[in-house]
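As structure tokens, the structure follows; a few thoughts come after it.
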Amino acid sequence: MVEVTGGLEELEFRDLRRQYKAMQEEMDHAVAGVLGRSDFISGQEVQALEDKLAEYVGVKHCITCGNGTDALELALMAWGIGEGDAVFVPDFTFFASGETPANCGAVPVFVDVDRDTFNISPEALERAVKKIISDGQLKPRVVVAVDLFGQPADYGRIIPVVQKYGLLLLEDGAQGFGGDIAGRRACSFGDISTTSFFPAKPLGCYGDGGAVFTDSDDWAEVIRSLCVHGKGKNKYDNVRLGMNSRLDTLQAAVLLVKFRHFQEYELRQVNKVAEWYASLLEDIVGVPAIQEGFYSSWAQFTIVCRDRRERDGLQQELKDSGIPSMIYYAKGMHEQKAFSGRGIVPEICSNTLYLKERVLSLPMHPYMGRDDVRKVAEAAQRAGGKRIW
Ligand SMILES: *Cc1c(COP(=O)(O)O)cnc(C)c1O
């Protein structure tokens, strides 16, 4: 059922119902196929999906798992990250990017982001690594680079830092799947890369799901074992401590259908929506900057207002017009209570502090038409008219 308000379909933040309608027949058929066979775990669709995703991303191995958080944790476990290790994480990201190293017993070191791209600052990263080395308490091990809001992190400048200090690169591509840099796809930049199939992500399933990508045969083998209770020859031969984290057959079947549409038009269409937004909003607010040669999968369309008052005023105006919006993210990672006493901030993350007061994410998905975008832009103009700008 599509809710109708004032003769117009309600504008959703990410419209999964419009998406379902666009592929309903195929989707119902795919789901019914799994129900008919009832091979709910490790059915044929799981392997088929892993093969397709690995080929698309351009890496040797794709290992699906229960969600994007487990995917990060599996990578860190495969590398044996734990007590005494420092893991560098952007200060402006979703909690899981820092939660997983902390859960492994490592210390997350929060690094400021670039104001324009929202992604980890390569300069701040190098300063943080040097600081940890000179403090001599922790061993620098991993950089978690997040492809925030759909734009790949600046790997051309991050990888040299990772290599210079002998670190490992973990690409958190939960929001970045489908993006690329000069044709090289997101989820191929890390020594291990991960993504999430949470319904609202660029490629989402109908529940929880995630995947790990790597070119390394050895790490892939360890991760396949870790996903199933540290299995050896089989599930009842346990050679290490692992977890239970699998993508089930129904979700794989859903993703196979969605992935076709994702490639055929969704990715292109969501980029079109971003262009419409940018052209209507660029004179009013700060619109996202995509670096030269970078392609975003637009997990979010996040604008930057001049100050907190303007941002909150705009959010209220949108709300009054029935338009949902979200603040991603209202706090720096280092400000989260859960990290107090557990994380380190080597220097003030002034860009995080700037952004958290000013960012606002607007409705964004491939099924938005020009009129939907115009409706949001007009509400933004009205907020401007009320002297918010
Ligand atoms: C969503 C997300 C995750 C976690 O994915 P889940 O599937 O929800 O566990 C990790 N990192 C980032 C940046 C995310 O946006």
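Scan segment 203-217 residue by residue and report those that are under 14 Å from the mean Cα position of the chain (by Cα) and open to solvent by 10 Å² or more (accessible area, probe 1.4 Å).
Of everything in segment 203-217, just one residue is under 14 Å from the mean Cα position of the chain (by Cα) and open to solvent by 10 Å² or more (accessible area, probe 1.4 Å), namely Asp208.
Would you mind stating whether Glu73 is in the same structural domain as Tyr165 (by TED's automatic domain parsing), open to solvent by 20 Å² or more (accessible area, probe 1.4 Å) and within 13 Å of the ligand (Cβ to nearest atom)?
Spelling it out, Glu73 is indeed in the same structural domain as Tyr165 (by TED's automatic domain parsing), open to solvent by 20 Å² or more (accessible area, probe 1.4 Å) and within 13 Å of the ligand (Cβ to nearest atom).
Do we have Val87 as more than 16 Å from the ligand (Cβ to nearest atom), within 21 Å of the chain's Cα centre (by Cα), at pLDDT 95 or above and in a strand (DSSP E or B) here?
No, not satisfied.
Can you find a residue that is among the hydroxyl-bearing types (Ser, Thr, Tyr), assigned to a loop (DSSP other than H, G, I, E, B) and either within 16 Å of the ligand (Cβ to nearest atom) or open to solvent by less than 30 Å² (accessible area, probe 1.4 Å) (or both) anywhere in segment 173-192?
Yes, that holds for at least one residue.
Of all the residues that make up segment 93-108, how many are in a loop (DSSP other than H, G, I, E, B) and within 10 Å of the ligand (Cβ to nearest atom)?
Count: 3.
Assuming Gly322 fulfils every condition listed in (1) over 18 Å from Ser97 (Cα atoms); (2) assigned to a helix (DSSP H, G or I); (3) of a type in the set (Gly, Ala, Ser) apart from one, which condition is it?
That leaves (2) as the condition not met.
Could you please find all residues in segment 230-254 being within 23 Å of the chain's Cα centre (by Cα) and of a type in the set (Gly, Ala, Ser)?
Hits for segment 230-254 are Ser245, Ala252, Ala253.
Take the residues in segment 137-155 that are open to solvent by 10 Å² or more (accessible area, probe 1.4 Å) and out of contact with any strand residue (DSSP E or B) (no Cβ under 7 Å at 6 or more places or on another chain), then tell me which one is nearest to Glu292 (Cα to Cα).
Applying the filter and picking the extreme gives Asp154.
Answer with yes or no whether Gly384 is surrounded by 20 or more Cβ atoms within 10 Å (Cβ to Cβ) and more than 20 Å from Ala299 (Cα to Cα).
Criteria not met by Gly384.
Answer with yes or no whether Glu275 is of a type outside the set (Lys, Arg), surrounded by fewer than 18 Cβ atoms within 10 Å (Cβ to Cβ) and within 23 Å of Val359 (Cα to Cα).
Considered against the rule, which asks whether it is of a type outside the set (Lys, Arg), surrounded by fewer than 18 Cβ atoms within 10 Å (Cβ to Cβ) and within 23 Å of Val359 (Cα to Cα), Glu275 comes out as yes.
Scan Gly58, Gly68 and give me the residue that is under 25 Å from Lys258 (Cβ atoms) and within 16 Å of the ligand (Cβ to nearest atom).
Gly68
Rundown of residues vs (1) in contact (Cβ under 8 Å) with a residue 60 or more places away in the chain; (2) more than 16 Å from the ligand (Cβ to nearest atom); (3) among the polar types (S, T, N, Q); (4) open to solvent by less than 60 Å² (accessible area, probe 1.4 Å), yes/no style:
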| residue | (1), (2), (3), (4) |
| --- | --- |
| Phe262 | yes, yes, no, yes |
| Gln269 | yes, yes, yes, yes |
| Glu282 | no, yes, no, no |
| Val287 | no, yes, no, yes |
| Glu292 | no, yes, no, no |
| Glu310 | yes, yes, no, yes |
| Gly313 | yes, yes, no, yes |
| Ser321 | yes, yes, yes, yes |
| Met326 | yes, no, no, no |
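The values are calculated or read from the model by the stated rules, or taken from the named source; none is laboratory data. Bear in mind that the values here come from a model prediction, so they are computed numbers and not experimental data. Here the Cβ is made from the backbone with ideal geometry for all residues, glycine too, and neighbour counts use every protein chain on show. To get the accessible areas, we keep the full protein, side chains included, count just its heavy atoms, and leave off ligands, DNA and RNA. Shrake-Rupley method; radii C 1.70, N 1.55, O 1.52, S 1.80 Å.
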